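Undergrad: Could you have a look at this structure, given as structure tokens, before my questions?
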Amino acid sequence: MIKTSLFLFILILSGLSYGQTGILLVSLPDKDTIDHKHPVFNWYYAPAPQGRDVIRYNYVLTELKKNQSALSGVTVNQPLMRINGVAGFQLVYPYDAPELEFGKRYGWQLEKTVNNVIVEKSEAWEFILYKPIVEPYKYVTLSTQPDATQYEATGGKLFFTLKERYNTTGTKCYIYDSRNKVTQARIAEDTEDATLQSTDEVVVSKTGSNFYELDVRSLAQGNYRLLVMNAKGQKYQLNFLIK
């Protein structure tokens, strides 16, 4: 037991000598903002005199709390994901890993190992995932003139845009069913906590400048008319179908 402990101690000291220059994180850059869920992480270290065959890396990722630093997060939080034994200097976020969520901050760090013993840790960096604007072709442009064209809401969502030159503050949305019964839809910022949204309300999320996502999952199947009125009283309309 004593010999084993002594061996590990010597191994750690020798491993530390490899990394006098430290592990150099390259990307994602610290505090980077990304719009995709499978980023590529890169790092580098100076060549080790003893060779690289015994060197591996452990990748650690955690979700950061509000106002929490990346170092604090990777130190005290439960890891969202840990991948041990990475060879080389690159890791693509796996497709079978826990899905990254829009609007959340994540901290990540690398642990350098020699013969499966951690000998050094990198800095801890962070990034945030922001939801990109949905592909333009998904958006329907609302018209100021009555139009008989009917659009289908797929997946419980309807994407629309307004050709507005002005600030859309004060915009209101109304939905009319086939009996002309009206329901007012609440406009929420895309970063708003989804847990605050009632499951039976109609919510319009603003996903960009004059771009909106209408959640119609609480509505029954049928024909509807969407009416959007800006602060100047101008009205935009759209007929849509929920199957």
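The values are calculated or read from the model by the stated rules, or taken from the named source; none is laboratory data. These numbers were taken from a predicted model, which means no experiment stands behind them. Because the Cβ atoms are built from the backbone with ideal geometry, glycine has one as well, and the counts that use them run over all protein chains shown. Protein only, heavy atoms only, side chains kept; ligands, DNA and RNA dropped before computing areas. Shrake-Rupley method; radii C 1.70, N 1.55, O 1.52, S 1.80 Å.
Undergrad: Check 14, 5 and return the single one that is modelled with pLDDT under 50 and touching a strand residue (DSSP E or B) at 6+ places or on another chain (Cβ under 9 Å).
TA: Only one candidate qualifies: 14.
Undergrad: In segment 29-43, what residues are within 18 Å of residue 91 (Cβ to Cβ) and at pLDDT 90 or above? Even if it seems obvious, please write down each step before you answer.
TA: Initially, segment 29-43 is screened for residues within 18 Å of residue 91 (Cβ to Cβ), giving 29-30, 32, 34, 36-43.
29, 30, 32, 39, 40, 41, 42, 43, listed by residue number.
Undergrad: Ok, one more. Where in segment 62-130 are there strands (runs of 3 or more DSSP E), lying fully within it, with 2 or more residues that are of a type in the set (Phe, Trp, Tyr)?
TA: 105-114, 125-129
Undergrad: How about segment 52-61: which of its residues are touching a residue at least 60 places away in the same chain (Cβ under 8 Å) and not in a strand (DSSP E or B)?
TA: Within segment 52-61, the subset touching a residue at least 60 places away in the same chain (Cβ under 8 Å) is 54, 56, 58.
Scanning segment 52-61 gives a single hit, 54.
Undergrad: Do you know which of the residues in segment 103-116 that are open to solvent by 20 Å² or more (accessible area, probe 1.4 Å) and modelled with pLDDT of 90 or more is nearest to residue 29 (Cα to Cα)?
TA: 105
Undergrad: Shifting gears a bit: What pairs can you find where one residue is in segment 33-44 and within 23 Å of residue 58 (Cα to Cα) and touching a residue at least 12 places away in the same chain (Cβ under 8 Å), the other is open to solvent by 60 Å² or more (accessible area, probe 1.4 Å) and of a type in the set (S, T, N, Q), and their Cβ atoms are less than 6 Å apart, with a gap of 6+ or different chains?
TA: From residues that are within 23 Å of residue 58 (Cα to Cα) and touching a residue at least 12 places away in the same chain (Cβ under 8 Å), the pairs are 42/90.
Undergrad: Within segment 228-243, which residues are of a type in the set (Lys, Arg) and surrounded by 13 or more Cβ atoms within 10 Å (Cβ to Cβ)?
TA: Looking only at segment 228-243, we keep the residues that are of a type in the set (Lys, Arg), and these are 232, 235, 243.
The answer is 235, and nothing else.
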